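Step one of this worksheet: look at the structure below.
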Amino acid sequence: MKNNNKRIYAPLTIITIGIVCIGTIIISSILIAETPNPIDRSHKNDFLISQGIVGKISELRMTVDLADEAEAKGYKIKDIPQQVFTTFEVIAKGNTVAKLPVPLAGSTNEGVVYIHTILPSNAPRDGSNVYVWKNGTQLQIRRAAKADSVIDVQLPLDKGYNYLCFLVKSGNSWWGRSRVIRIESPGSEEKKDPAPIPVQDFWDEANAKGYNPPKKDSIIPFLSMTITSRGKIIAEIPNPLAGVTEQGVADSYLRLPSNLSGSNNSVFIWNNGETTPVSKLARSEQNVLSKVVLSRGYNYICAIVFDGQKYIGRSPMMRINSTVHASIARFEMVWDGPGDMDLHIDSPETGFHVCFSNTSIDYSGVRANLDVDNMAGFGPENIRIYSLPGKINVRCFVNYYSGGSNPIGVTVRFYDKNNKMIKTEHKTFSASDIRPTAQFTDKSWLAGTVTLEP
C-alpha cells in the first residue's frame, strides 16, 4: 500500500510544485509591471534568486507580441522580421493607452492618437524609410531616418481593434518591425455633437497685436479642435483655449462642422496673420490632421473654412505660448495640395545643408534643424537656424520630390530673429519640375539667398 501511495502522491507533488512556480512567476511579472522597485536588496540571496527570475521575465516581456492575433484577423505582418524597439508608446490627449514593454493593449474613447518610437541603435546607419502599419495598411512617415532617430506621428483610428506597429525599410527590403500593439477605439469617424462655443476667445487680443484676424462674429460650430504637443493637450475647444509648450511644432486635429455644404471646402490654419492650407475638397464632419509651426512667444491660432472663394467661418481663437529656443532665422514652406515638396537650407561656402536627409546639424559653430518633413501634402516644413560662427550667406531652395499631375503652388516665408516675416516668395510647380533628390540642380527652385549674422 505504501508503494502505491508513493506512486499517487509523487505526481501530485510535482503538479503542486509546478502550480506554485507558475503562480510565483505570474505574481513576479505583475509586480515588475506595476512596482518601481520590486526587489528587497536587504536579503542578498533572495535578491540573486529574484534577479534571475526578473531577468527571465524581462526577456519574455521583450518578446511578447500581438502579431499572431493580428494575423488571425487577416492582417499579414509576420513576414517582416521583428526587431528590438525599446520605445513604442500610444498617447491619447496626454494619457498613455499602450506602450512597451507593457501594456501592449489598451482602449481609448478618442479617435486620434499620438504614437512615438525611437529607432533601434542597430537600425541601418545609412538611413531608412519608416512606416506606420495599421490593420494591414502602411503609411510612410519618414525618409532617410537614422538609428536612434525619434519618430512620432498623429494617427486616426478605425472603429474597433487597431493593430499598430512601426516598419523600417532599407533600400527595397524590409529591415524589420516593432512589436504589434492593439488599441480599441470608437474610431475617428464616430458621430459627435459640436464642441460648445466659448463665451470669449482670444480674437480681441490677436486684433490688438495687429494680426488682422478673420471676422470676429464668424465662429462656426466645429465638432472639435485640439492642439497637442507630443500627445499632451496644449489647447482645445471649448477649453483650455490657451496653453504653453516648449516645442516649436504642434499637432492640430480638426473635426469640421456638420453643416458644411458640398465637398468643395478648403481648410486653413490661421496663425499670427499667416494662413497654411491643410485640406482641399473637404466635406462636413471630416477629420483634418496637420502640423502647426509655432513662433517663439504667443501664437494666435484658429481654423478657417472657405467654400470655393466664399469665406464660411472660423473656429474660436486660441493662444499658444511657445518657449522654443530663440533662432537667428526661420524658413517656412507651405503648398496648396497633395505631394511631397522639400525645403532646403544650405551654405556652399561653409558646406552645411539642412533637409529631409540631414534634419539636424551641430558642428563648427552651426546649429540648425528641420522641424518636420511633410511627405503627404500642404506642409508645413520649417527650418530654424540657431547659431552661426560668423556672417554667412545661406541659400533657400525647394525640390519637388514626388511630382504630380496637377500644378502645385508653393510659398516660402523668411523670418528674422524677432519672428518678423521679412520676405515671401511664391512659385507654381508643374509635373515636369520633379526632382527626387536632396541636391541643388537645374530643376530646383532658388527661393532666395540671404546674409545672416550670429
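Every number in this text was worked out from the coordinates using simple rules, so none of it is lab data. Everything numeric here is computed off the predicted structure, so don't read it as measured data. Neighbour counts are summed over all protein chains in view; Cβ atoms, including those assigned to glycine, are modelled from backbone coordinates with ideal geometry.
Listed values, structure above:
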| quantity | calculated |
| --- | --- |
| Net charge dipole size for the stretch 67-185 [Lys, Arg +1 and Asp, Glu -1 on Cβ; Debye, nearest 20] | 220 debye |
| Inter-label distance for Gln138 and Val199, nm, one decimal - labels placed 7 Å from Cα along Cα-to-Cβ | 5.4 nm |
| Interchain or long-range residues, amide H under 5 Å from Phe88's placed H | Leu100 |
| Prolate/oblate/rounded label for the chain (Cα gyration tensor, a/c 1.5) | prolate |
| Whether the stretch 186-282 is rounded, prolate or oblate, judged on the alpha carbon gyration tensor where a/c under 1.5 counts as rounded | rounded |
| Neighbourhood charge, 13 Å Cβ-Cβ cut-off, centred on Ile80 and excluding it, Lys, Arg +1 and Asp, Glu -1 | +2 |
| Those trypsin sites (Lys or Arg not before Pro) in the stretch 339-439 that DSSP places in a loop and that have at most 14 other beta carbons within 10 Å | Lys391, Lys420 |
| Interchain or long-range residues, amide H under 5 Å from Lys423's placed H | Phe414 |
| Segment Thr428-Ser387, length gained on full extension (0.36 nm per residue, minus Cα span) | 11.6 nm |
| The chain - percent relative contact order, Cα under 8 Å, separation 6 or more | 10 percent |
| DSSP beta bridge pairing in the chain, given as percent antiparallel to the nearest 5 | 90 percent |
| Efficiency of FRET between Asn264 and Lys232 - r from beta-carbon atoms, R0 35 angstrom, step 0.05 | 0.50 |
| Restricting the stretch 274-361 to GluC sites (Glu not before Pro) in coil, as DSSP defines it, with at most 11 other Cβ within 10 Å | Glu349 |
| Percent RCO, i.e. relative contact order, over the stretch 191-324, from Cα pairs under 8 Å lying at least 6 residues apart | 28 percent |
| Angle in degrees between helix 44-61 and the longest Cα principal axis of the chain, rounded to the nearest 10 | 60 degrees |
| Length gained when the stretch Ala105-Tyr363 is fully extended (0.36 nm per residue, less Cα-Cα span) | 88.7 nm |
| The stretch 67-185 - share of DSSP beta bridges that are antiparallel (%, nearest 5) | 90 percent |
| Cα-projected label distance for Asn207 with Lys310, points at 7 Å along beta-carbon direction, nm | 2.5 nm |
| Spin-label model distance (nm) - Glu69 vs Asp217, 7 Å beyond Cα toward Cβ | 5.5 nm |
| Within the stretch 216-332, percent of DSSP bridges classed antiparallel, to nearest 5 | 90 percent |
| The stretch 139-218: relative contact order as a whole-number percent, Cα under 8 Å and 6+ apart | 23 percent |
| Additional length obtainable on full extension of the chain from Thr451 to Asp416, 0.36 nm per residue less Cα span | 11.5 nm |
| Hull shadow area, averaged, the stretch 299-454 [alpha-carbon convex hull, nm²] | 10.0 nm² |
| For Val324, net neighbour charge (Lys/Arg +1, Asp/Glu -1) across residues whose Cβ lies under 12 Å away | +1 |
| Cross-link pairs Lys73/Lys291; Lys78/Lys443; Lys99/Lys192 - those with Cα-Cα distance over 31 Å | Lys73/Lys291; Lys78/Lys443 |
| Hits among lysines - C-alpha to C-alpha of Lys209 under 21 Å, sequence gap 8 or more where chains match | Lys417, Lys420, Lys423 |
| Karplus-derived 3J(HN,Hα), 6.51/-1.76/1.60, for each residue of the stretch 92-104, Hz, glycine and proline x | 10, 6, x, 9, 6, 9, 7, 6, 8, x, 9, x, 7 |
